[in-house]
Each structure stands twice: as structure tokens, then as C-alpha cells.
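Report on the structure given below.
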Amino acid sequence: MFGYLTGVRRPQLPTREQIVAFLKEDKWAPSADGANPPPNPVPPCWDMKARVRRMRDHLTLREFSGALGDIGTLIPILISMTVQGSASLTASLFFGGLWNILTGFFYGIPMCVQPMKSIAAIALTNNFTPGELAGAGLGVSAIVLFLGLSRLLWLVTRFVPLPVVKGLQLGTCFQLCKKGVALVKENASFWGDSIIWSDNLWWACSSFLLVLFVYERKRVPVALLIFMLGLAFALAQTGAHHQFGQVHPGAHFVHTVVPTAKEFRTGFLSAGLGQLPLTLLNSVVALAALARELFPGYDPSMTHITISIGAMNLIGCFFGSMPFCHGSGGLAGQYFFGARTELSLYFLGAVKIIIGVVFGESLLAILKWFPNSFLGIMLFMASIELGLVSRNFTQFPNNEYRRKQDFVVLLSTAAALVGFSHDGLGFIVGMVTALVFWMHRQLRNRDERSVTNALLPTSSRQGSLDDSKTTVKASASASASATATADDGAGDFENHTEESSELRRIGKAKSAMDEHCC
């Protein structure tokens, strides 16, 4: 009766057909009475003609510019891990490029391949050995792969509210913004003896203004321009410090890394457990939601995403590569700077493989001079694109009561994630907030039903919802008939008066529900 009187649609459980479709294809089938979904813009990987036609339509400089949208995260972590000796630059570039090409082929969108940031942070803090880093990546990937293949990840996707997912994206946005600002602040000088001509606040402000000026000009490859300028500065600094002799072109190969039991235990317990919720929530759940948002009609399978994350590290970590995953921030960054198809990933993957094989570890002599001011601005603007998707944080845009509650859940999740610097704690805070609000709504609905029962007639109070609908329709029909024959007699007039009174009571009940309705 609540839904009938107020017009508020209750959440519906999935139908049997939807559950069967999910178990078969890992995606929800549209309801029979729902709106038709938009067509899938991404052709399947076996339809090569359609794929080639789509890539030809997007063959622009912005597509190649979008391939560089995630280097603000990749280059600093890659350089730090390699200099410390925890990861192999050759293996990280080779396998990172290989995964770029394979994910581009299977997904058909710029599905980024980025480092596992939580593992990288702890590895840099604790000075991990290659075996400990491999143990952390292998442990996380094995668990993620198991959860995906066993469909236990369905529990997360089925019961996690939309505001919690959007809150995780917003919190990740703020964290990446903070990292971008930290990169810029490393050489934060406008003048003075400490200023570096190739890396200072002048270049940071100039690149930031350039990105803003061309924000609506989708054909300007701004990331490519910034990267080429930064690369020119890095080459100039390498030559000025006479370090070109450290660059040795040639054939560089990878070497196997097999972690011992102690290294595996240390790496997984120290870094892997903290990375696990980040990978499940940001690299799988939030990534799938962002892909559906950026490419309407495209519905990625979370099982496929978990399989690709597991395969990347179960292979690459044994050869000294740093652990990789997908991520909503990387996808947002590549999309922001112009990537729309897998062509950007093919380009980026080929460049990584060629550089990794030809230059290998010696490339550090050039990469360490790449301006942090450029990297920080690119990371900052890419994170803003990720934060934009959180504006659609509720499924009830016309319901102010629900919008307010969902916004509180969004802010609680994002604030806890940023404050604790941990995706798992942000997720727990968001879920607890959503659960408490759900209990509020259940109590509110019970009180509203009590008010309705007190105002409705006794016969209507004892009937079911279908009986109530029938009573209202019959009363309305009887009222109209009584109005048309009001002069037939006093008895008819009394009946008309009683029926009109009942309708007025129902109207008052509906008004009371509307006043307190969410």
C-alpha cells in the first residue's frame, strides 16, 4: 500500500532470469519492463573488421595522447622501485607493455595497466627484496582470481550500495590529487638559488593552465605535448650532467625470481593484505562501474577483470616485474586525455616493450630527470576526471530525502578513505553508514504505515493491497454514480456522502504520507 499511495518505487529483487544471466555471463540482464539499454559501442574481439573500423575512426593525436594519461602514476613508482632494487625495469616495461596490448585486445577500451600502489608504497618503505615484492603480488593475485572464478565477488557487487562505490571513487580522486600536488611540491620554487630550470613551479602553473585552456578542445593532444616537452627537458638534463654514457642500447632480457617461503610470507602479510581491498574495490568493482559510465552500453565482466589481474601477476612476478592491476583512476586519466579505443593501449604497449628490450635498466639515467612538475599536473588532472563520475551518486535523483542520505554515505566513504589512507577502512565506514540509514528508512516506513492504518477505514485496513486498490476504484465509481443520480432519493444521498467521506479519508492519508514521505 505504501508504494501504491506514495508512488515511490520499492527496490525489487532480481528475477530468476536475471540471476541465471548473471551466473552465466557475470552481468545483469535488463528487466522486461525496463528501458532498452544503449547498444554496446565496443565490438567483440573476434570481429576484427568492426574493431579495425572503430580504431580507424579514432585515429587521431588525441588517441595517442590518451595513452600517456596514466604516466603520472607509472613513472615515479617505476623509477623508485627500480632504483631501490625491488623490481626489474626491463621486466616491468616488457610485461607492462604486453599486458597493455592483451587487455586492449580483449576489452576494446583503454583499460589501463598500472602498478599496485599500496604494495609499492610498503615495498619502498620497508626496502623489499625482489622475492618479497613477488610474494606480495602473487598472494593478492591468487586471492582475487579465486574470488572471481568462484563468483564470490557477486556478494560485493550485489550488496554494496551505489553511494559507497562512488565514495571510493571520490576518495581515490582526492588521494591521487594529493599525490600530484606532492610531486609538484618536490621542486616548489618560483625563484632563488634552489630553482631548477627544467622543473619548477613556473612549468607546473604553465602546464596546468594549458590543460584548462584546452579542456573543451577534444582534438588537442595536451598529454602528448606535455610528455614530449618533459622528455626534451630530461634529455637536456642528462646531457648537461654527462650521463648519456650510462645508456646502453642492446638486447636486454628478464630473469626469473622465485620467492622463498619466508619472502612470500613477509611480502604478503606486510603489503598484500593492505592491497587486497584496494584491488577488489578500485580495480574491479569501481572500474566496472566507471567503464559503464564512460562507455554507455558497455558492460564489462568482473570475472574477466579478476582473471586478467590474476594472470598478469601470476606470470609477470616470477620474472621480476612489479605487480600490476587495472584501476578506475588510470582509466579516467586515459579517457580524460583522449583515449577512446584499444588503439592507445597498442601504442603504449609497443613503446614499453621496445624501450624495455632495447634500453632496459640503463633507461633510468634519462627517466630520473623527467620533470616532476609535469608528472604532478598530469596526475592531478587525471584524478579530477575520476572524481567527476561520482556526481551520479544516487539512484533516486528526484527524492530529496534519499539524495541527502546517499550524499552522506558518499562523503563518509570518501573522507574515511582519505583520512585513513586505506580503501578497506573507507569501505567499512561507508557500509556501516549505509546500513544505519537503511534501518532509519525501515523504521520510518513502519511509522508511516501506522499513520496510514490509523487514517484509513477499518475494512481497508484489514484488506490486502489488491483489495485496497479495488476498494478505491469501486468507491470512485460509486461516487460518480451517486453524483449523477443525487436527486433519486435521500438514501442515495447518504450513500454518496459516506463514500465521499471515505475518499476524503484516503486523500488525507495520502497527504499525510506525502508530508512524511522520503
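The values are calculated or read from the model by the stated rules, or taken from the named source; none is laboratory data. The model shown is predicted, which means the values in this text are computed figures rather than measured ones. All Cβ positions, even for glycine, are placed from backbone atoms using ideal geometry, and neighbour counts span all protein chains on display. Surface accessibility is based on the protein's heavy atoms, side chains included, excluding ligands, DNA and RNA. Shrake-Rupley method; radii C 1.70, N 1.55, O 1.52, S 1.80 Å.
Could you please let me know if residue 284 is hydrophobic (A, V, I, L, M, F, W, C), modelled with pLDDT of 80 or more and either in a loop (DSSP other than H, G, I, E, B) or open to solvent by 30 Å² or more (accessible area, probe 1.4 Å) (or both)? Taking the combined requirement at face value, the residue does not satisfy it. State whether the residues of the range 364-386 include one that is hydroxyl-bearing (Ser, Thr, Tyr) and farther than 21 Å from residue 151 by Cβ. The answer is yes, given that some residue of the range 364-386 is hydroxyl-bearing (Ser, Thr, Tyr) and farther than 21 Å from residue 151 by Cβ. Taken residue by residue, the range 428-435 has no member that is out of contact with any Lys or Arg (no Cβ under 8 Å at 6 or more places or on another chain) and under 16 Å from residue 328 (Cα atoms).
The set of residues in the range 330-341 being open to solvent by 10 Å² or more (accessible area, probe 1.4 Å) and assigned to a helix (DSSP H, G or I) consists of 335, 336. Only residues that are polar (S, T, N, Q) and farther than 23 Å from residue 291 by Cα were counted in the range 365-420, giving 6. Residue 122 meets each of the listed conditions (1) of a type outside the set (Lys, Arg); (2) within 18 Å of the chain's Cα centre (by Cα); (3) modelled with pLDDT under 85 apart from (2). A count restricted to the range 352-400 and to residues that are of a type in the set (Gly, Ala, Ser) and over 22 Å from residue 69 (Cα atoms) stands at 3. Residues in the range 411-439 that are small (Gly, Ala, Ser), more than 19 Å from residue 388 (Cα to Cα) and open to solvent by 50 Å² or more (accessible area, probe 1.4 Å) were compared, and the one that is nearest to the chain's Cα centre (by Cα) is 421.
Taking only the range 345-370 into account, find how many residues are of a type in the set (A, V, I, L, M, F, W, C) and farther than 14 Å from residue 97 by Cα.
Total satisfying the criteria: 8.
Here residue 423 passes the criteria (1) farther than 30 Å from residue 272 by Cα; (2) touching a helix residue (DSSP H, G or I) at 6+ places or on another chain (Cβ under 8 Å); (3) modelled with pLDDT under 75 except the one numbered (1). The set of residues in the range 44-66 that are of a type outside the set (Ser, Thr, Tyr) and not in a helix (DSSP H, G or I) comprises 44, 45, 46, 47, 58, 59. Please go through the range 186-245 and pick out each residue that is under 18 Å from residue 372 (Cα atoms), surrounded by 11 or more Cβ atoms within 10 Å (Cβ to Cβ) and either of a type in the set (S, T, N, Q) or touching a His at 6+ places or on another chain (Cβ under 7 Å) (or both). Within the range 186-245, 187, 189, 198, 200, 206, 207, 237, 238 meet the criteria.
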